[in-house]
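The values are calculated or read from the model by the stated rules, or taken from the named source; none is laboratory data. Just so it is clear, the structure is predicted and the values come from calculations on it, not from any experiment. With ideal geometry, Cβ positions are generated from the backbone for all residues, glycine too; neighbour counts draw on all protein chains shown. Protein only, heavy atoms only, side chains kept; ligands, DNA and RNA dropped before computing areas. Shrake-Rupley method; radii C 1.70, N 1.55, O 1.52, S 1.80 Å.
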Amino acid sequence: MPSGAVQESAPAGLPGTLSVLTFEPGKAITLLRRGQSVSFGAAGNGDMLPVPSPDGRHLALVRSPDPGVVAPGDLVVVEAGGQRHVLARQVIGGGGNAPAWTPDGKAVVHGGVRYDVSGGGHAGAGLTGNPAYLTYSVGGATLAYATSSNSIIVAPAGGGAKRVVDISKLAECSLRAACPFAVQAVSDDGRYVALGSGNTDPSNVTEAHLVLDTSSGKPVDLAAFGDVQHIWFTASGGAIVHTARDLRVVDAAWHVTGTFPAPGNGKLFYTA
């Protein structure tokens, strides 16, 4: 695996691992993780929706013949160094349909189908309806996804009873074009979900500005954080809030316990 020492992609002392992915058509794909740089070759003009595996050694993406209109294309896994393997043909990308790695890194879930990375087999992932914005908790215990523009599902990742969470009563539903159904993160205990603006076009939302407490049905008050761009839940029961200025670590009571500079350009991914 091509690698070498580089400047830390995340500040020292930040809980978990924050990785930075640089991804631009025609240029090298690079993942900065734990002080190491991993190359995945060059990004093609049709490459979209890249997601690194939990161990940072593979990259899942959709290769579309026309990404401008999000035309169906190939579900691809790229190994460190750039070698590519097609897992499936004619998959839909965008609109909440993006690759999601299982917590063990052995499979990619896309469009409700689980694709085994090593053997090439596939099967239903046990999700409800037309799942979108699938995400797993950092500890791998819980998953969450949108099942419609008004509701999300929270469930044990290993199988078990699903909880339907109604988001139609959120104030944002009447203030914007759609309810904030773009699920971006879920806490290990399933209590909290981080949500982004609901999209009404084929693009894929990657921001999160709202945290919903599913036990009360009410949003967490994040007004003190200003412009919130993303939220990740940590294994310790707290969270990392990415604002326009910095990264703020909070405990389970949402009290700030540390403030760190945010990494530079690139898409951020968080793992344990």
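For the reader, a short list of remarks on this structure follows.
- Test: residue in the stretch 11-19 that is of a type outside the set (Ser, Thr, Tyr), under 24 Å from Asp116 (Cα atoms) and either in contact with a strand residue (DSSP E or B) (Cβ under 7 Å, 6 or more places away or on another chain) or in contact (Cβ under 8 Å) with a residue 60 or more places away in the chain (or both): no
- Only a single item in (1) open to solvent by 30 Å² or more (accessible area, probe 1.4 Å); (2) free of Cβ contacts under 8 Å to residues at least 24 places away in the same chain; (3) not charged (D, E, K, R) is not met by Ala71, and it is number (1).
- So Gly198, is it modelled with pLDDT of 95 or more and not in a strand (DSSP E or B): no
- Every pair of residues 6+ apart whose Cβ atoms lie under 8 Å, when the first sits in the stretch 247-272 and is within 16 Å of Leu32 (Cα to Cα) while the second is among the basic types (Lys, Arg): Ala262/Arg245
- Residues of the stretch 159-192 that turn out to be of a type in the set (Ser, Thr, Tyr) and over 14 Å from Thr142 (Cβ atoms), as a count: 2
- Gly196 fulfils the conditions (1) over 17 Å from Val183 (Cβ atoms); (2) within 16 Å of the chain's Cα centre (by Cα); (3) open to solvent by less than 20 Å² (accessible area, probe 1.4 Å) except for a single criterion, (1).
- In the stretch 175-189, the residues that are surrounded by 20 or more Cβ atoms within 10 Å (Cβ to Cβ), touching a residue at least 40 places away in the same chain (Cβ under 8 Å) and not small (Gly, Ala, Ser): Phe181, Val183, Gln184, Val186, Asp188
- Conditions (1) out of contact with any Phe, Trp or Tyr (no Cβ under 9 Å at 6 or more places or on another chain); (2) modelled with pLDDT of 95 or more; (3) among the β-branched types (Val, Ile, Thr); (4) within 19 Å of Leu268 (Cβ to Cβ): number failed by Val76: (4)
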